[in-house]
Amino acid sequence: MNEMFEIKFWGRGGQGVVIASIILGKAAVLFNKYALSAPKFGAERGGAPVTADFRLADDKISARYPIANPDCIVVLDEGLITPEIIDSLRDNGCLIINSAKPPKDFFYLGPFRVATIDAKNIAAKYGIGTRELPITNTTILGAVAKALENALGITIDILCQAIMEAGIFRRIKSTTTLPRPKRRLKKPPSKCRQIPSGRIYPCQRPSKRSINYLNYPK
């Protein structure tokens, strides 16, 4: 591995771009490496472009400036691919795209190593997230670990351990499997009588417990 390996994540708000870079950093720490993750937000709304810079090195990382020429670009949304993004990739760099298309369909982008993964359908198939909103960030990290195994040295097992420590599956379970609480309707006190007009008249002095159920006539 070089002195420092730089990855730039591209995605849209809600796809978990920042979480992906954080999980990869946790995996690097488990592998006894130094890592630095720095997100960059645009408009604060779902669907807006979001980027995250990731650096990996054998020694402490002092660089805090944005990554201009990364060794690898990870694109979670194929629609974000633009000439400006591709031109920033270093020569002989690696481009990982969340797409159902084969890598040969992106040959026109340049002399890069291109890897594609259909993260959306894979996540939907294995129930990662929901069918309407599958979680693709953890899925595409598997492709990152596989495509950059020699450069990063992070195996799939270490990546899975980092995902478990980040509590991703616990959050998925809490948001997708818990049923909605049923609305409980309040019943009027038994010592009151209902009249056809819909108003409830107390038969005795109301108590604190039954005051919410009483409707006095105007």
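The values are calculated or read from the model by the stated rules, or taken from the named source; none is laboratory data. These numbers were taken from a predicted model, which means no experiment stands behind them. Neighbour counts run over all protein chains shown; Cβ positions are idealised from the backbone, glycine included.
The C-beta contact set for the range 21-47 (first residue at positive phi and assigned by TED's automatic domain parsing to the domain that holds Thr139, second residue modelled with pLDDT under 90 and part of a strand (DSSP E or B), distance under 7 angstrom, 6+ apart or interchain) comprises Gly47/Arg12.
For the range 142-154, state whether one or more residues are over 21 Å from Asn32 (Cα atoms), assigned by TED's automatic domain parsing to the domain that holds Asp71 and basic (Lys, Arg). No, every residue in the range 142-154 fails to be over 21 Å from Asn32 (Cα atoms), assigned by TED's automatic domain parsing to the domain that holds Asp71 and basic (Lys, Arg). Residues in the range 81-101 that are surrounded by fewer than 10 Cβ atoms within 10 Å (Cβ to Cβ) and under 16 Å from Ile140 (Cβ atoms): there are none.
Can you find, within the range 56-80, the residue that is surrounded by the most Cβ atoms within 10 Å (Cβ to Cβ) among those that are free of Cβ contacts under 8 Å to residues at least 24 places away in the same chain and more than 20 Å from Arg113 (Cβ to Cβ)? Taking the candidates together, the pick is Gly79.
Quick grid of which residues meet (1) under 22 Å from Gly14 (Cβ atoms); (2) assigned to a strand (DSSP E or B):
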residue: Ser62; (1), (2): no, no
residue: Tyr65; (1), (2): no, no
residue: Pro70; (1), (2): no, no
residue: Arg90; (1), (2): no, no
residue: Val114; (1), (2): no, yes
residue: Ile122; (1), (2): yes, no
residue: Gly142; (1), (2): yes, no
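Scanning the range 144-165 for residues that are in contact with a helix residue (DSSP H, G or I) (Cβ under 8 Å, 6 or more places away or on another chain) and outside any helix (DSSP H, G or I) returns Ile154, Thr155.
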